[in-house]
Amino acid sequence: MELLKLTAKEAADKLHSKEVSCAELTKASLEQIKAKNESINAYITVCEEEALQQAEQIDAKIAAGEAMEPLAGVPYAIKDNICTKGVRTTCASKMLGNFVPPYNAYAAERLSKDGVMLGKLNMDEFAMGSSNETSYFGAVHNPYDLDRVPGGSSGGSAAAVAAGMAYYTLGSDTGGSIRLPASFCGVTGLKPTYGTVSRFGLVAFASSLDQIGPLAKSAEDVAYIMNRITGHDKMDSTSLDIAYPDYTKALQGDVKDMKIALVREYFAGADAAVDASVKAAVKQLTDMGAQCDEISMPITDYALPAYYIISSSEASSNLARYDGVKYGFRAEKFEDLTDMYFKTRDEGFGDEVKRRIMLGTYALSSGYYDAYYKKAQQVRTMIKQGFDKVFETYDMIASPVYPTTAFGIGEKTDDPVKMYAGDLCTVSVNIAGLPGMSLPCGFDEKGLPIGLQLIGKPFGEETLLRAAHAFQCATDYHKGGAQA
Amino acid sequence: MKITEKEVDYVARLARLHVQESQMQRLTQDMGNIIAFADKLGELDTEQVEPAAHSIVVENVLRADEVQPSYAREDIIANAPHKQAGCFSVPKIVE
């Protein structure tokens, strides 16, 4: 269906010039969800009735000539760890399976103004995973090959965009959870600088690393979505009170004289197709006038263990709140209050969540705190310093998002360390709070999408968007579209 | 570092997680592998390095202590798994 292939911006232009109605866009998306969700499993909750009502209101506003935001009326969906008022927000966990938030997350609230929300998207349980296989509601399947994973943890957010089940989506990224699924599903995703999108209403996993961001079909769409979701929010004490730019202004200009670093360590273990596509994409950028050098950042080899210690430690603390008292699941049979906590958490959390809580609790426990948690925080300082030094000379870093294309469902679930090891290109970005973007840059011999990662300085989103948009104006990889 | 079933049991208790007998061996093995993976951090000399809890400079955000509108009691309590007389209900803890 042609309507579903439009980018969010193209759909908005057709909507606001009255070529299509909001009801038509919404119905087309809902029909696609009905046709595809059984096999892809991208949605946990579909808000059909509400979406059609919202569409009707927006069509009335357009008919009345009311001024609206650029993406107003373009149907979107939200990862299920971002609270939506009156709409179940499960975090893909049995623990929150019946949780209906009494408020909107900041980002959800911003989009809801003149917005059509199609529903809530599947993910790894509590956003802990790289494959979207840990969801209590079942794995998400990659629209390019249903036997493969979509990447995690925002697998539903990426698969929905790829399969035309939403024009754009919100995800969250703690160690690569926007960029990895964007890469595996051939869509464009951005993890913003820490503090630019309020975390108010985002179910906490690792508070010093978590960040909400957009997934869409193009860098242009991502810029428009960024305009809607960034800003200072007094409900999040880490939300930055700065002047936020108009990100769409970055969609002009070229990459001439942009300085790009290729960090050798990010290519370690990359398979041949990924290595070749990413290097070809960088060559494309240098052909367009950018400069590129290969450099080394040896500290990169320590980012994965530091990430898993820090994120699991914060998770063990954040998830202590799930006690079966105030909201969420409570076990039915128990002996006393303490036993209620044990049984509730045993029955409410899945295996991966328990492993992370255990690892974090271990790293924070007396006797191991200095060797693991404090050590990881010191390594965090060293990683930040490493990036600072690179960004003295370079405007951005280019790398693969993941060493391979989408792997098979079940391929890595038996070995947590093997699963964690894949995240080596993405976790450093969260450790240092930097912006990171994933955009399609090729396909392997099986036709599976390959992602290019661009890493920027703090608040370097505009540089990333400029480069990504210039790249997408010159190439067609982002038009891959698995929806046909 | 090698981790024993006894340590796993101890950590599980701290985390208020109940490890079923049938899962103990597997969890101990997984924990051991993950911790061995994290032991790589020990290779680095960090003696002179300040730990970083955040990637950005984070300061306390203060505001005046003023009464402001809050959520309705029934909206908040609506999600409680057990409630009674407008309150959260838990098992008896004092006889």
Subject >> Scope region A:45-85; condition within 17 Å of residue A:15 (Cβ to Cβ), assigned to a helix (DSSP H, G or I) and touching a residue at least 24 places away in the same chain (Cβ under 8 Å); matching residues >> reply: A:51, A:52, A:54, A:55, A:56, A:58, A:59, A:61, A:62
Subject >> In region A:177-202, the residues that are part of a helix (DSSP H, G or I) and aromatic (Phe, Trp, Tyr) >> reply: A:184
Original post:
For residue B:47, all conditions in the list (1) part of a loop (DSSP other than H, G, I, E, B); (2) more than 7 Å from every other protein chain (Cβ to nearest Cβ); (3) closer than 21 Å to residue A:320 by Cβ hold save one; what is the number of the exception?
Top reply: (3)
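Here's the yes/no breakdown for (1) under 15 Å from residue A:311 (Cβ atoms); (2) at pLDDT below 95:
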| position | (1), (2) |
| --- | --- |
| A:379 | yes, no |
| A:415 | no, yes |
| A:425 | no, no |
| A:428 | yes, no |
Original post:
From B:90, B:19, which residue is in contact with a Leu (Cβ under 9 Å, 6 or more places away or on another chain), under 30 Å from residue A:359 (Cβ atoms) and more than 7 Å from chain A (Cβ to nearest Cβ)?
Top reply: B:19
Original post:
Identify, please: which residue in region A:370-381 is touching a helix residue (DSSP H, G or I) at 6+ places or on another chain (Cβ under 8 Å) and closer than 14 Å to residue B:42 by Cβ and is, among those, surrounded by the most Cβ atoms within 10 Å (Cβ to Cβ)?
Top reply: A:372
**OP:** Please go through region A:382-412 and pick out each residue that is within 14 Å of another protein chain (Cβ to nearest Cβ) and in contact with a helix residue (DSSP H, G or I) (Cβ under 9 Å, 6 or more places away or on another chain).
**Re:** A:382, A:383, A:384, A:385, A:386, A:387, A:412
Original post:
What is the one condition in (1) within 27 Å of the chain's Cα centre (by Cα); (2) within 8 Å of chain B (Cβ to nearest Cβ); (3) closer than 19 Å to residue B:55 by Cα; (4) of a type in the set (Phe, Trp, Tyr) that residue A:372 does not satisfy?
Top reply: (1)
**OP:** Under 7 Å between Cβ atoms, at least 6 apart or on separate chains: pull out the pairs that start in region A:272-283 with a residue that is modelled with pLDDT of 95 or more and end on any residue that is surrounded by fewer than 22 Cβ atoms within 10 Å (Cβ to Cβ) and part of a helix (DSSP H, G or I).
**Re:** A:275/A:267
**OP:** Would you mind finding the one in A:285, A:240 that is within 14 Å of chain B (Cβ to nearest Cβ), farther than 20 Å from residue A:184 by Cβ and either assigned to a helix (DSSP H, G or I) or touching a Gly at 6+ places or on another chain (Cβ under 8 Å) (or both)?
**Re:** A:240
Original post:
Out of curiosity, is residue A:293 part of a strand (DSSP E or B) and either among the charged types (D, E, K, R) or in contact with a strand residue (DSSP E or B) (Cβ under 8 Å, 6 or more places away or on another chain) (or both)?
Top reply: yes
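Residues checked against (1) closer than 30 Å to residue A:28 by Cα; (2) touching an Asp or Glu at 6+ places or on another chain (Cβ under 9 Å):
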{"position": "A:410", "(1), (2)": "no, yes"}
{"position": "A:431", "(1), (2)": "no, no"}
{"position": "A:434", "(1), (2)": "no, no"}
{"position": "A:441", "(1), (2)": "yes, no"}
{"position": "A:446", "(1), (2)": "yes, yes"}
{"position": "A:449", "(1), (2)": "yes, no"}
Original post:
If you scan region B:7-39, which residues turn out to be at pLDDT below 95 and of a type in the set (Lys, Arg)?
Top reply: B:26
Subject >> Members of region B:73-87 found to be facing another protein chain (nearest Cβ under 8 Å) and part of a loop (DSSP other than H, G, I, E, B), listed by number >> reply: B:78, B:79, B:80, B:81, B:82
Original post:
So, in region A:382-406, of the ones that are farther than 18 Å from residue A:303 by Cβ and surrounded by fewer than 20 Cβ atoms within 10 Å (Cβ to Cβ), which residue ends up nearest to the chain's Cα centre (by Cα)?
Top reply: A:404
**OP:** Tell me, please, whether a residue that is among the small types (Gly, Ala, Ser), loosely packed, with under 14 Cβ neighbours inside 10 Å, more than 8 Å from every other protein chain (Cβ to nearest Cβ) and outside any helix (DSSP H, G or I) can be found in region B:58-70.
**Re:** yes
**OP:** Confirm whether residue A:415 is under 30 Å from residue A:246 (Cβ atoms), among the acidic types (Asp, Glu) and within 12 Å of chain B (Cβ to nearest Cβ).
**Re:** no
**OP:** Pull up region B:28-44, narrow it to residues that are touching a helix residue (DSSP H, G or I) at 6+ places or on another chain (Cβ under 8 Å) and polar (S, T, N, Q), then point me to the one that is farthest from the other protein chains (Cβ to nearest Cβ).
**Re:** B:28
Original post:
With respect to residue A:35, is the statement that it is modelled with pLDDT under 95 and among the small types (Gly, Ala, Ser) true?
Top reply: no
Original post:
Of all residues in region A:8-40 being in a helix (DSSP H, G or I) and of a type in the set (Asp, Glu), which is surrounded by the most Cβ atoms within 10 Å (Cβ to Cβ)?
Top reply: A:10
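The values are calculated or read from the model by the stated rules, or taken from the named source; none is laboratory data. Note that this is a predicted model, so its numbers are computed, not measured. Glycine also receives a Cβ, built like all others from the backbone with ideal geometry; neighbour counts cover every protein chain displayed.
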